[in-house]
Each structure stands twice: as C-alpha cells, then as structure tokens.
Amino acid sequence: MKTMSEVIATLKKDYIYNLMIKGKRQDGRGFKDFRDIKLETNVISKAEGSAKVTLGDTQVLVGVKLQPGTPFPDSQDEGVIITNLELNPIASPEFEPGPPREEAIEMARVVDRGIREAGAIDIKKLCISVGESVWIVYIDVHVLNDDGNVIDASCLAAIAALMTTVVPNEQQGIGADVPLAMKEMPVGVTLAKIGSKLMVDPSLDEEAVCETKLTVVSSSDGSIAGMQKMGPAPFTEAEVLEAIDMACEKAAELRELYLEELVKKE
C-alpha cells in the first residue's frame, strides 16, 4: 500500500504530465523559455577562473585551476583538459557521498566534450616546453542545488569560468600572467520530451515525468560540438532535427545575453 507522500508524488506527476500534454508548464513558462538565469564570475579567489550560475533554483559553481604537467605522448605541444563534476549531497537528497556516480561522470563528459570538440581553448598555447611541460586545465564543477537541468547550468558556468581564467605564468617564472586563450563559446541546451512535445530547461519536477532528454552543445556558428541522450524513450529523426534547431536558437540567445558581455569586459 502506498504511503500518503507516495500518493501525493504520483498525483503531482500526473498533474505536471497532463499540463505538458496540453502545451502548458507548471510555472507558466512557454516551451522555449528558460527560467531566470544569474551568472557571476570570479567568485573563488584562489582559482585561476571561476563562475557561479543560478538557473531557477538550480545552482552550479565551477572553479578552474592550472598546473604544469607532462603532455600526452601523441600531443606533445598541447595542453591537457580534465573535467570533473561533483553532485554534492547538500544539493539533493538523491545525491550520496562517495565516489562520483555514473550520472555525474556522464554529465562531466558532456561538459568536457563540448569544450573539446568546439575547440573552445587554444590548447597549443598551453604548451610550456614541447614534449616536457604543458599547462593542465582542471575544470571542477560543483552542483550546489539541484532543481533540474544541472547540465545546462554546468556548461554555461564552465565556459564562463574559462573565459575569465588567467594563466599563472609568474608563479612558474615563465613570464607574465595572461588570459587563457579562448577561441569559442560552446553552450549546452537540454530539451525534455513529453509525448511528442519538446521543451527547454526542464525543472526537477518536469525531469521526473519526461520520457527522455537530449542535450545539444553548439558553437557560435551553429555547428554541433556534442550531443547526449538521456532516458529510454526514442526520438524520431524529425524530433532530433527540431531539438537541434531549438537548442541552437536558445544557445545563441544565452551566448549573447551572458558570454558576450564577458568578452567586452576583457
């Protein structure tokens, strides 16, 4: 027999699902509308770069650290990028302490892939001495509160943190500090599927009832730097194309509203 809390949870899911089928959302947003976004940079004094994104009630903090290290044998004149994502237990009762869960590893890979495939960082400029020493860029993503769509908040916070990162050359006695050489601003947009309808920026309640999600990371020219499907339900070819169009459109808006301002400040 179900407890009262389980009955209420089921009724809530049914209510949200039926709203979506009718083209409505619980919080009154349109299907192409993001929740309110707040972006703060340089929020961690000890990091080379940092950013905090608040997306509705979802909060993500990203810190970037650079350390000298040995290059990979097949790319001896290129720096190294390492991305980690931590689902802190304080962010949700669903998150447990301990080693990274599969979900955290999956989201970290999406953030990392978008940055790599878009060529966001000029990694050749991270070379200190060919074959001997390069800068290793550590991107650490911390989820402070989960109210849905953690991955888009993480993508936005990561690229903003990188755009404000300073390479600490003076610490190593190899010249003056310089801004991290950036070439692109990839932005991730996640779409949830309910029935045959697609909506951006699913809240936690919407994620609980959606059949599947698709994250699309796109570059400034609209090219796709990464895609990740989550959930068992399939997408039709037409739905994938619609999702890509919606994601690129919203990514361009986010880029203009938040990231291009950082370029102007440099």
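Where a number appears in this text, it was derived from the coordinates with a stated rule and is not lab data. Worth saying up front: this structure is predicted, and the values here are computed from it rather than measured. Heads up, the Cβs are rebuilt from the backbone with ideal geometry, glycines too, and the neighbour counts pull from every protein chain shown.
The table below gives the values:
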{"item": "Acute angle (nearest 10 degrees) that the helix 4-21 long axis makes with the longest principal axis of the chain, alpha-carbon atoms", "result": "80"}
{"item": "Rg to Rh quotient for the chain, alpha carbon positions, Kirkwood Rh", "result": "1.01"}
{"item": "Within the range 194-236, backbone nitrogen closer than 17 Å to the virtual label 7 Å beyond the Cα of Ala252 toward Cβ", "result": "216-225"}
{"item": "Helix 102-117 axis, angle to the chain major axis (alpha carbon atoms, nearest 10°)", "result": "50"}
{"item": "26 Å Cα-Cα threshold exceeded, pairs from Lys32/Lys183; Lys38/Lys124; Lys24/Lys229; Lys183/Lys213; Lys13/Lys38; Lys32/Lys213", "result": "Lys32/Lys183; Lys38/Lys124; Lys183/Lys213; Lys13/Lys38"}
{"item": "Listed residue (Ser196, Ser220, Leu162) projecting farthest to the positive dipole end of the chain, Cβ model", "result": "Ser196"}
{"item": "Proximal aspartates and glutamates relative to Lys22, as straight alpha-carbon distance under 13 Å, when same-chain residues fewer than 8 apart are discounted", "result": "Asp14"}
{"item": "For the range 124-262, size of Cβ-based charge dipole, Lys and Arg +1, Asp and Glu -1, in debye", "result": "460"}
{"item": "Intensity falloff of the range 23-82 expressed as log10 I(q)/I(0), Debye formula with alpha-carbon point scatterers, at q = 0.17, 0.20, 0.21, 0.27 Å⁻¹", "result": "-0.74, -0.83, -0.86, -1.06"}
{"item": "Förster radius 22 Å - calculated FRET efficiency between Ala208 and Asp27, Cβ distance, rounded to 0.05", "result": "0.95"}
{"item": "For Val137, residues with placed amide H under 5 Å, excluding near neighbours", "result": "Val80, Ile81, Ile82"}
{"item": "Model label zone, Glu102; criterion: amide N under 14 Å from point 7 Å along Cα-to-beta-carbon; scope the range 213-230", "result": "230"}
{"item": "In range of the label at Leu144: residues from the range 199-235 whose backbone nitrogen is under 19 Å from the point 7 Å along Cα→Cβ", "result": "204"}
{"item": "Spherically averaged projected area in nm², based on the convex hull that wraps the Cα atoms of the range 130-230", "result": "8.9"}
{"item": "In Hz, Karplus ³J(HN,Hα) per residue of the range 72-82 (6.51, -1.76, 1.60; θ = phi - 60°; x = Gly, Pro)", "result": "6, x, 8, 8, 6, 10, 10, x, 10, 10, 10"}
{"item": "For the range 9-110: Kirkwood Rh in Å [reciprocal of mean 1/r, alpha carbons]", "result": "17.6"}
{"item": "Cβ-placed point charges (K, R +1; D, E -1), dipole of the chain about Cα centre in debye, nearest 20", "result": "440"}
{"item": "Nearest 10 degrees, 0 to 90: helix 237-254 Cα axis against the chain principal axis", "result": "60"}
{"item": "Test item: Cα-centred dipole of the range 114-175, Lys/Arg +1 and Asp/Glu -1 on Cβ, debye", "result": "280"}
{"item": "Distance (nanometres) between label positions extended 7 Å along Cα→Cβ at Asp177 and Ile90", "result": "2.6"}
